[in-house]
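Read the structure below first, then the notes.
The values are calculated or read from the model by the stated rules, or taken from the named source; none is laboratory data. Predicted, not measured: the structure shown is a model, and the values here were computed from it. Note: ideal-geometry Cβ built from the backbone for every residue, glycine included; neighbour counts use all protein chains shown.
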């Protein structure tokens, strides 16, 4: 009887987790994610001067295709050589997140971020984290520590993810995870369910 009750409870929990929509900025988070950061998980917000007045929400991949459909010239641009954040104090936390199976799992997400380049990636809620990309078990996050909306160049996130993998991933980026910490925000890289 106890085994049957446990099986039913497990089934109901799994069914509810599958039924939660991800398109409105709400995501099912694992217990590890909740313990890791006590921040809300919200949609990434992207704006571009090449498509004025529009705020795109979702992941780097979905936003890339939306922007490309509206204005193909709005994607594939590069981040200016010197941005303000290049002078900001930053450090690494190689204990953040679970190791990703392989750096190869992260390459797709980094590519979308590079293609968004000088578009602004932001977190409207504060403090909160936006899951920027999640593919092949590689989760990437932009987390806002301020009590106000925050944004950075999308291309800068790609650079930070690469730097995290280089600093915290061991030989040849074998199993990267970690965070790059700034005074206003941090970029996180770790294994995720996606």
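Considering only region 150-193, how many residues are assigned to a loop (DSSP other than H, G, I, E, B), in contact (Cβ under 8 Å) with a residue 40 or more places away in the chain and surrounded by fewer than 16 Cβ atoms within 10 Å (Cβ to Cβ)? Number satisfying all stated conditions: 4.
Among the candidates 124, 97, which residue alone is over 13 Å from the mean Cα position of the chain (by Cα), over 14 Å from residue 64 (Cβ atoms) and buried (at least 18 other Cβ atoms within 10 Å of the Cβ)? If you could, list the steps in order and put the result at the bottom.
Numbers: 97 fails: over 13 Å from the mean Cα position of the chain (by Cα).
After applying the criteria, what remains is 124.
Okay, residues lined up against (1) closer than 20 Å to residue 112 by Cα; (2) touching a strand residue (DSSP E or B) at 6+ places or on another chain (Cβ under 7 Å):
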{"residue": "132", "(1), (2)": "yes, yes"}
{"residue": "145", "(1), (2)": "no, yes"}
{"residue": "152", "(1), (2)": "yes, yes"}
{"residue": "156", "(1), (2)": "yes, no"}
{"residue": "161", "(1), (2)": "yes, yes"}
{"residue": "177", "(1), (2)": "yes, yes"}
{"residue": "183", "(1), (2)": "no, no"}
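Cβ-Cβ distances below 6 Å connect the following pairs, each with a first residue in region 102-126 that is touching a residue at least 12 places away in the same chain (Cβ under 8 Å) and at positive phi, a second residue that is surrounded by 17 or more Cβ atoms within 10 Å (Cβ to Cβ) and outside any loop (DSSP other than H, G, I, E, B), and a separation of six or more residues or different chains: 117/155. Selection of region 60-94 for residues being at pLDDT 85 or above and under 16 Å from residue 160 (Cα atoms) yields 60, 91, 92, 93, 94. Selection of region 54-71 for residues being part of a helix (DSSP H, G or I) and touching a strand residue (DSSP E or B) at 6+ places or on another chain (Cβ under 7 Å) yields 60, 61, 63, 66, 67, 70.
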